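The values are calculated or read from the model by the stated rules, or taken from the named source; none is laboratory data. Fair warning: this is a prediction, and the values are worked out from it, not measured in the lab. Note: ideal-geometry Cβ built from the backbone for every residue, glycine included; neighbour counts use all protein chains shown.
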There are 2 protein chains.
Amino acid sequence: MSDEQPADSLSRRRFFGGAGSVAVAGAGGLIAGTGGAAVVGGALADEQATDPATDVERLQATSATLSYPYYGAHQSGIDTPPQDHLVFTAFDLSATTATELQLVLAKWSAAMAQMTAGRPVGKVEPTREHGIPVDTGEAFDMGTQGLTLTLGYGPSLFDDRFGLAKFKPKDFADLPAMAGEALDPAYTGGDLCIQACANDPQVAYHAVRNLARMARTSVKTRWTVLGFGRASAGPHQKTPRNLMGFKDGTRNVSGEADFAEHVWAGDEAQQPWMNGGSYLVARKIHMLIETWDEDPIGDQQSIFGRTKQEGAPLSGQSEHDVPDFHAAVAGKPAIAPDSHIALVAHENNAGTKILRRGYNFTDGLDSVGRLDAGLMFISFQKNPEQFVSLQRKLGSSDRLNEYIRHVGSGVFAVPGGLPESGSYYGKEFFA
Amino acid sequence: MSDEQPADSLSRRRFFGGAGSVAVAGAGGLIAGTGGAAVVGGALADEQATDPATDVERLQATSATLSYPYYGAHQSGIDTPPQDHLVFTAFDLSATTATELQLVLAKWSAAMAQMTAGRPVGKVEPTREHGIPVDTGEAFDMGTQGLTLTLGYGPSLFDDRFGLAKFKPKDFADLPAMAGEALDPAYTGGDLCIQACANDPQVAYHAVRNLARMARTSVKTRWTVLGFGRASAGPHQKTPRNLMGFKDGTRNVSGEADFAEHVWAGDEAQQPWMNGGSYLVARKIHMLIETWDEDPIGDQQSIFGRTKQEGAPLSGQSEHDVPDFHAAVAGKPAIAPDSHIALVAHENNAGTKILRRGYNFTDGLDSVGRLDAGLMFISFQKNPEQFVSLQRKLGSSDRLNEYIRHVGSGVFAVPGGLPESGSYYGKEFFA
């Protein structure tokens with residue numbers, strides 16, 4: 001499969017027809033209008049009038065019971081179709097011994113299995129009056145909500161604190177300094193990271209909160225970002241928009257062949273535990289929203305290389321038209337060579353692709369009252385160099401740079417999936 | 001109807017059976033699992049196997065097209081069943097003339113009508129290359145998502161800047177100082193507020209962003225809070241949990257009689273524009289999460305007066321059992337008189353009720369690395385005194401005070417609804 005996979009009804013039918021595949025509905029609980037107050041548009045209302053209660057109860061149950069397998073060749077949360085909400089957290093270890101670290105990873109592995117199956121990490125309501133609740137309870141009986149928890153190790157985990165230098169993947173290191181960065185140490189780095197994604201934000205938040213809590217004597221939270229809207233499309237998903245108003249993720253990595261070639265790490269890491277893993281790059285990108293909002297439409301579209309409403313490449317008519325970087329209009333390239341899509345297209349980068357799995361965020365207002373908002377860019381790739389080569393190009397040429405600042409950054413080695421119940425992340429480090 | 005309205009299947013059936021009523025699905029777009037990767041629990045999967053695509057497409061469309069009327073006796077967003085997401089923003093006016101204020105209110109009134117109907121506030125993609133997009137575009141084609149926009153006026157709007165003193169509702173003033181407060185001026189007050197609620201966070205965010213943008217020469221944002229999870233139940237909704245893990249909103253105002261008695265303002269405000277309006281109280285309440293998490297279950301339950309898992313009053317067995325404040329166990333009250341539910345129960349407050357419509361929030365980490373999270377408490381009442389009398393009691397007696405701090409506060413007079421297209425908020429101020 002190519003990365004041109006359209007989210008059209010044909011592919012959707014093909015998808016839904018597959019044995020073992022299921023379709024699931026988005027986030028949120030039951031929303032019921034008060035009598036006569038809610039309006040549902042046109043044809044749908046007629047259709048629903050037949051038995052709305054059945055629909056709603058089914059949807060609610062579907063959303064609550066959507067789950068992804070925790071055990072397998074790969075961690076979930078990478079090729080999983082992006083859920084609606086993200087809580088990304090990087091942690092520093094305050095642990096000083098390998099045994100402490102081992103305990104954190106073992107506890108987390110078991111807790112992640114519980115929570116992705118919709119279970120609390122322990123008693124919400126202990127039997128004894130003096131018992132301290134093990135699970136904090138705010139996601140109790142909310143179901144799985146498609147929760148995935150993806151664990152990564154920062155380069156610093158392999159320094160001399162825990163004796164893990166020999167387990168460091170080949171060439172794994174902090175990202176090099178790049179043009180266009182204004183990194184804030186408060187949003188950079190970390191020994192460990194958890195990417196929690198779910199269709200309900202409270203379920204994602206609960207998971208990270210409880211992982212942090214159960215390891216509170218050994219880890220401390222370094223930085224965290226809440227994504228409030230998907231910014232990248234997965235296969236069969238409608239393409240969402242970033243906070244600049246443009247669709248993002250139209251040409252994302254899709255299909256097993258692409259994942260094998262571009263995303264899943266293998267022998268080249270020279271660490272068996274990285275087989276089936278990947279590298280997660282996180283970039284907290286602040287958007288200068290007010291400035292962008294005053295840019296004329298012609299310039300905005302030229303910067304992205306796509307139209308704003310439809311999301312079509314400027315060489316075509318429809319979102320999923322393949323960009324033609326040779327097309328010309330009045331003697332000039334239809335898609336400017338320094339447009340965002342031209343700079344990152346695999347056609348112009350020796351085939352390099354990365355899986356984007358980012359989320360929009362806002363932290364409210366900054367210290368001078370401007371919108372503090374942007375993109376929590378997350379990508380997965382077989383080798384961090386894929387991201388670095390693309391970002392070097394963007395940092396030096398992308399006309400978007402006038403409107404964005406990379407303020408946070410992290411790179412994490414994401415181990416392959418756990419094979420079965422009883423296994424735990426990092427087991428091979430402590431043999 | 002009493003405030004004991006249970007969200008059980010009986011009442012749900014009664015509700016869905018009503019003519020003109022519709023049931024609508026929660027937030028989020030289409031989430032489609034990759035082949036074989038997603039699992040949907042038990043009976044549901046079987047049921048879905050018949051035609052999942054149809055279900056998902058219908059549900060997706062339902063969520064996107066849910067809308068509430070913009071014109072009517074009351075503003076939407078008060079008796080509307082709480083949507084999944086909140087963006088609450090308070091604004092200061094930098095405008096210096098009444099005409100400027102009039103223009104803001106007229107532009108907002110028209111824009112709110114557009115956005116709650118799922119339309120952009122102007123062109124996303126102007127025809128001319130040099131045209132500046134009027135609408136910022138990030139919610140384009142996302143549908144209505146149940147969006148409601150509720151406008152309020154702070155007491156300061158009626159000071160001497162705009163000549164509006166004679167329009168000030170009777171006794172309308174900033175909330176008095178109360179015990180248990182640690183208010184931060186950065187999260188307090190405001191000349192105007194907008195409560196944006198929707199089942200998709202990007203739709204709510206887009207609305208506030210575009211209101212702020214179109215009035216940028218006349219207003220500046222004072223404070224904003226993003227709610228990421230409902231914390232209060234509306235009629236027919238499953239009761240959500242706050243970040244302390246307890247259900248909240250079991251005994252909320254419900255039904256027309258209750259709204260008439262406790263929520264909708266009338267003649268006593270001595271301002272015709274407040275007929276059908278209400279008063280919005282906003283309190284940003286920081287929770288000392290880590291401290292709470294170490295409190296034994298017996299103490300937690302005694303503090304709330306309810307069990308944690310079921311949410312039953314300690315005098316009963318089920319969530320919707322009416323609390324019996326006279327019940328005793330071993331010679332002591334089953335529900336402690338200084339428990340949260342005993343302190344605020346209408347039975348113990350001369351019948352006083354307020355409509356709670358709050359949301360959980362988290363701002364990530366505070367300056368010392370603790371979870372910066374809590375409750376964006378929002379209530380509506382006929383008179384702010386209803387909130388003040390309850391909060392005075394809570395501030396002086398509530399054992400929860402050990403675990404919470406009120407850090408933000410605002411009170412806003414919410415005018416009645418606009419009667420029809422062409423009318424605008426504040427029109428009566430400028431006649």
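Points to keep in mind about this one:
- Under the condition of being at pLDDT 95 or above and either exposed (fewer than 13 other Cβ atoms within 10 Å of the Cβ) or of a type outside the set (A, V, I, L, M, F, W, C) (or both), the residues counted in segment A:257-267 number 5.
- Sub-8 Å Cβ pairs linking a first residue in segment A:251-268 that is closer than 24 Å to A:ILE341 by Cα and of a type outside the set (Gly, Ala, Ser) to a second residue that is modelled with pLDDT of 95 or more and in a helix (DSSP H, G or I), at least 6 apart or interchain, are A:ARG251/A:ILE341; A:VAL253/A:PHE259; A:VAL253/A:HIS262; A:HIS262/A:GLN386, ordered by first then second residue.
- Of all residues in segment B:178-197, those being farther than 20 Å from B:TYR425 by Cβ, modelled with pLDDT of 95 or more and assigned to a strand (DSSP E or B) number 1.
- Which numbered condition A:TRP108 fails, given (1) within 11 Å of chain B (Cβ to nearest Cβ); (2) of a type in the set (A, V, I, L, M, F, W, C); (3) not in a loop (DSSP other than H, G, I, E, B): (1)
- Residue, farthest from the other protein chains (Cβ to nearest Cβ), within segment A:368-401, restricted to residues that are hydroxyl-bearing (Ser, Thr, Tyr) and over 21 Å from A:VAL263 (Cα atoms): A:SER396
Each row is one residue, and each column tells you yes or no for (1) closer than 30 Å to A:GLY395 by Cα; (2) modelled with pLDDT of 95 or more; (3) of a type in the set (Gly, Ala, Ser).
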position	(1), (2), (3)
A:MET112	no, yes, no
A:GLY118	no, yes, yes
A:VAL124	no, yes, no
A:LEU149	no, yes, no
A:LEU164	no, yes, no
A:PRO176	yes, yes, no
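- For segment A:245-263, the count of residues that are in a strand (DSSP E or B) and farther than 30 Å from B:ASP366 by Cβ is nonzero.
- Residue match in segment B:221-241 (condition: in contact (Cβ under 8 Å) with a residue 40 or more places away in the chain, within 14 Å of chain A (Cβ to nearest Cβ), closer than 17 Å to B:TRP108 by Cβ and in contact with a helix residue (DSSP H, G or I) (Cβ under 6 Å, 6 or more places away or on another chain)): yes
- Search result, residues across segment A:319-367 that are without any contact (Cβ under 8 Å) to a residue 60 or more places away in the chain, within 13 Å of chain B (Cβ to nearest Cβ) and of a type in the set (Asp, Glu): A:ASP363, A:ASP366
- Among the residues making up segment A:339-367, those that are closer than 17 Å to A:TRP292 by Cβ and more than 23 Å from the chain's Cα centre (by Cα) are A:SER339, A:LEU365, A:ASP366.
To keep it simple, each residue is scored yes or no on (1) on the phi < 0 side of the Ramachandran plot; (2) modelled with pLDDT of 95 or more; (3) not hydroxyl-bearing (Ser, Thr, Tyr).
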| residue | (1), (2), (3) |
| --- | --- |
| B:ARG356 | yes, yes, yes |
| B:ASP363 | yes, no, yes |
| B:ARG370 | yes, no, yes |
| B:ALA373 | yes, no, yes |
| B:MET376 | yes, yes, yes |
| B:PRO384 | yes, yes, yes |
| B:VAL388 | yes, yes, yes |
| B:SER397 | yes, no, no |
| B:GLY408 | yes, yes, yes |
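- Selection of segment A:111-134 for residues being under 27 Å from B:TYR359 (Cβ atoms), at the interface with chain B (Cβ under 10 Å from one of its Cβ atoms) and touching a helix residue (DSSP H, G or I) at 6+ places or on another chain (Cβ under 6 Å) yields A:GLU125, A:PRO133.
- The residue that is farthest from A:LYS247 (Cα to Cα), among those in segment A:307-318 that are within 11 Å of another protein chain (Cβ to nearest Cβ) and in contact (Cβ under 8 Å) with a residue 12 or more places away in the chain, is A:LYS308.
- Residue check, B:ALA204 part of a strand (DSSP E or B) and of a type in the set (A, V, I, L, M, F, W, C): no
- For B:GLN195, the conditions (1) surrounded by fewer than 18 Cβ atoms within 10 Å (Cβ to Cβ); (2) closer than 17 Å to B:PHE377 by Cβ; (3) of a type outside the set (Phe, Trp, Tyr) all hold with the exception of (1).
- Unique match (being crowded, with 19+ Cβ neighbours inside 10 Å, more than 15 Å from the chain's Cα centre (by Cα) and among the polar types (S, T, N, Q)) among B:GLN270, B:GLN301: B:GLN301
- Any chance B:GLY143 is in contact with a helix residue (DSSP H, G or I) (Cβ under 9 Å, 6 or more places away or on another chain), at pLDDT below 95 and surrounded by 22 or more Cβ atoms within 10 Å (Cβ to Cβ): yes
- Among residues of segment B:77-105 being part of a loop (DSSP other than H, G, I, E, B) and among the hydroxyl-bearing types (Ser, Thr, Tyr), the one that is farthest from the other protein chains (Cβ to nearest Cβ) is B:THR97.
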